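Working notes, structure below.
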Amino acid sequence: MLMPKLVEADVKSQYPGGPSGIVGVNAKGDGDRRAAALAYLDWMTSDEANRAEVKFANGTVPVNAGVSSFGGGNVEKMVEFSSNLVTYLDWNWPPEVTRAFQEGIQSCVAGQTSAAEAAEGAQQALDQLVGNGYTFLK
């Protein structure tokens, strides 16, 4: 979905860089703000919101299992071109950590693991690398 406008300035809301964005809530947020943020994320990731976004974006690939695309050729084209996709932003992490994230996310989507377990798997991959002498370039 378009990112919400959070400032007074006249700025254009933009889409994130993929069919779905990563969402989270600051663990240090105070109670009322944290509750509001969690409620917003709950709604933003709902089937209702995803259906509205698919319709608004004229055939965007849905990210929720309970939502169907409505076609029009866009979805079919995206599927056709999907074999040309590449993983990006890998310069942030070593490939072993990226792979752990990818597999963890897929496992979460399939209902085989929790988000906390997936995050722990990525952390373990990094810890193992660091234990073997890996360091980030400065």
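Per-structure values
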| read-out | value |
| --- | --- |
| Top-ranked residue of the stretch 18-42 - restricted to ones that are exposed (fewer than 10 other Cβ atoms within 10 Å of the Cβ) and closer than 24 Å to Val54 by Cβ, ranked as modelled with the highest pLDDT | Gly24 |
| Filter pass, Ala49 being over 24 Å from Ala116 (Cα atoms), among the small types (Gly, Ala, Ser) and either open to solvent by less than 90 Å² (accessible area, probe 1.4 Å) or in contact (Cβ under 8 Å) with a residue 24 or more places away in the chain (or both) | yes |
| Total residues in the stretch 94-109, condition more than 15 Å from the chain's Cα centre (by Cα) and free of Cβ contacts under 8 Å to residues at least 12 places away in the same chain | 1 |
| Any chance Ala119 is closer than 27 Å to Asn64 by Cα and modelled with pLDDT of 85 or more | yes |
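The values are calculated or read from the model by the stated rules, or taken from the named source; none is laboratory data. Given the structure is predicted, the values throughout are model-derived calculations rather than measurements. We place every Cβ from the backbone using ideal geometry, glycine too, and count neighbours over all the protein chains shown. Ligands, DNA and RNA are stripped out before the accessible areas are found, and what is left, the full protein with its side chains, is counted by its heavy atoms. Shrake-Rupley method; radii C 1.70, N 1.55, O 1.52, S 1.80 Å.
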